[in-house]
Amino acid sequence: MKITDVRCAIMGGSPIVRITTDAGIDGYGQAEFYKPYLKPHVLFYKDYLIGADPTDVERTMMRIRRMGAFKPWGAAVSAIEVALWDIAGKAAGLPVYKLLGGKVRDKVRTYITTNRYPMPTQSPEEYVENVLKIKEWPEQFSIFKQPISFHSPMAATIPDYFYGEIQPVGVHANRGLMTPAGFKHTLKCVEAMKLALGDDIGLALDCGPGFMATDALRFAKATEDYHLMWLEDMVTGDYTPYTLAHIYRDITSQTTTPIHTGEQMYLRQNFVELIKTQAVNVLGPDPLDVGGLAELKWIAEYADLHGIMMAPHGTGDGLIGLAALVHVSATLPGNFIAFEYAKANHEWWYDIIDGLPNPIVKNSYVDVWDAPGLGVTFNVPAAKKYLNDEDTGFFD
Ligand SMILES: [Mg+2]
């Protein structure tokens, strides 16, 4: 089998990758809906891929893998990798999880990131109100991840939150030492949420990047009694093209609160220091940023040998991304906690993608399905109306 074309359409903000073959089998991948600018980057790889046998996923990936980078520039390579697995699965008549070594669980736990309602004052009361609303959602998520501090509007909303300049633009761009009042405000919000949620729901916090190392340790120690699931990306994280593993190691070694990072990272090689030095307790690579499904699986196995757990990132990955997350999560070892639920950014996505369970989430779990490849397909007539004018031939 040979690759005949690599296409990319932007649908609802998401780059959708479609790889076609001379056998009439095609495969799909999807990158985060925050990345509509990625289309030329996906198409850049086309000439390297034409003629390769997509069912030799690794051999095909060797053609392009080195030409990616940390978030957002690894996403194009990652979405292509997922599309290759989709083709390989369809060609073999097997679900992707079988090709990754087979499933070790029939249903996978998923967690929800809880920035779903406006919180204009960033008060403890608003934080409580927000999580209690999500507790009532029909999916009955068992782990919540709440953005706080520099990963939320808190740093820019609470006066004198930190000793630094508020950045007028940028994604999670604020950074600096917290004031005692800012630090205490953050803690009060955590305490209020934990009291309201009780022990039935695990609470993780997405924190930065932007913490100074001293604040990160102080915060991890101050929250030890709350039995948090993890503190995510305090020092480095979203769109930070490096990891500073030695700083994480210093924090992690001095607290019982689990420390987490990794969503922006690209390729297994960049995880070696974090894992080998046991710099964190939990890793959260995103399959659509890290280089794909095999990449994530390798990292999880190596992490498991070092006592490090896995909570893959994925909130912006869309429904094809959700399918990818379910397949790879089904194959991870016992260090898997849960993957981040990818909720579609437009309701119409649920009308144009077939193959997902209905309902998708039951009691915080997604049942693993058995259809070949990723097991999700476009309802092409319905999907066509969401194509941009320049992409009208995408499904042809
Ligand atoms: Mg995060």
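Miscellaneous remarks
- Subset of segment 1-47 that is among the hydroxyl-bearing types (Ser, Thr, Tyr) and surrounded by 15 or more Cβ atoms within 10 Å (Cβ to Cβ) - its residue that is farthest from PRO372 (Cα to Cα): TYR34
- Residue within segment 322-332 that is buried (at least 22 other Cβ atoms within 10 Å of the Cβ), away from the ligand (no atom under 16 Å from the Cβ) and more than 22 Å from VAL361 (Cβ to Cβ) present: no
- Of the listed requirements (1) more than 16 Å from the ligand (Cβ to nearest atom); (2) of a type in the set (Gly, Ala, Ser); (3) touching a Ser or Thr at 6+ places or on another chain (Cβ under 7 Å), ALA155 misses just one: (1).
- Output for segment 376-393, where each listed residue is of a type in the set (A, V, I, L, M, F, W, C) and within 20 Å of GLY355 (Cα to Cα): VAL376, PHE378, VAL380, ALA382, ALA383
- Test for ASP225: is it out of contact with any strand residue (DSSP E or B) (no Cβ under 9 Å at 6 or more places or on another chain), under 27 Å from VAL361 (Cβ atoms), away from the ligand (no atom under 14 Å from the Cβ) and not β-branched (Val, Ile, Thr): no
- Residue count, segment 378-392 (criterion: over 16 Å from ILE320 (Cα atoms) and aromatic (Phe, Trp, Tyr)): 0
- Test: THR186 is among the β-branched types (Val, Ile, Thr) and either on the phi > 0 side of the Ramachandran plot or surrounded by 23 or more Cβ atoms within 10 Å (Cβ to Cβ) (or both): yes
- Unmet requirement for TYR248, which otherwise passes all of (1) under 22 Å from GLY170 (Cβ atoms); (2) within 15 Å of the ligand (Cβ to nearest atom); (3) of a type in the set (Ser, Thr, Tyr): (1)
- The sole residue among GLY89, GLY170 that is out of contact with any Asp or Glu (no Cβ under 9 Å at 6 or more places or on another chain) and within 16 Å of the ligand (Cβ to nearest atom) is GLY170.
- Residue check: LYS71 meets all listed conditions (1) over 30 Å from THR157 (Cα atoms); (2) surrounded by 18 or more Cβ atoms within 10 Å (Cβ to Cβ); (3) not acidic (Asp, Glu); (4) not assigned by TED's automatic domain parsing to the domain that holds ASN363 but one, namely (1).
- Against the conditions (1) in contact with a helix residue (DSSP H, G or I) (Cβ under 9 Å, 6 or more places away or on another chain); (2) more than 29 Å from GLY292 (Cα to Cα); (3) outside any loop (DSSP other than H, G, I, E, B), LYS221 satisfies every one except (1).
- Any hit, segment 341-353, residues being crowded, with 24+ Cβ neighbours inside 10 Å and part of a loop (DSSP other than H, G, I, E, B): yes
- Residues in segment 260-275 that are among the polar types (S, T, N, Q), in contact (Cβ under 8 Å) with a residue 12 or more places away in the chain and more than 16 Å from the ligand (Cβ to nearest atom): ASN270 alone.
- Members of segment 357-374 found to be without any contact (Cβ under 8 Å) to a residue 60 or more places away in the chain and buried (at least 21 other Cβ atoms within 10 Å of the Cβ), listed by number: none
- Residues of segment 202-218 classified as outside any loop (DSSP other than H, G, I, E, B) and within 12 Å of the ligand (Cβ to nearest atom), total: 3
The values are calculated or read from the model by the stated rules, or taken from the named source; none is laboratory data. What you are looking at is a predicted structure, and each value in this text was computed from that prediction instead of being measured. Don't worry about glycine lacking a Cβ; one is built from the backbone with ideal geometry, like all the others, and counts go over all protein chains shown.
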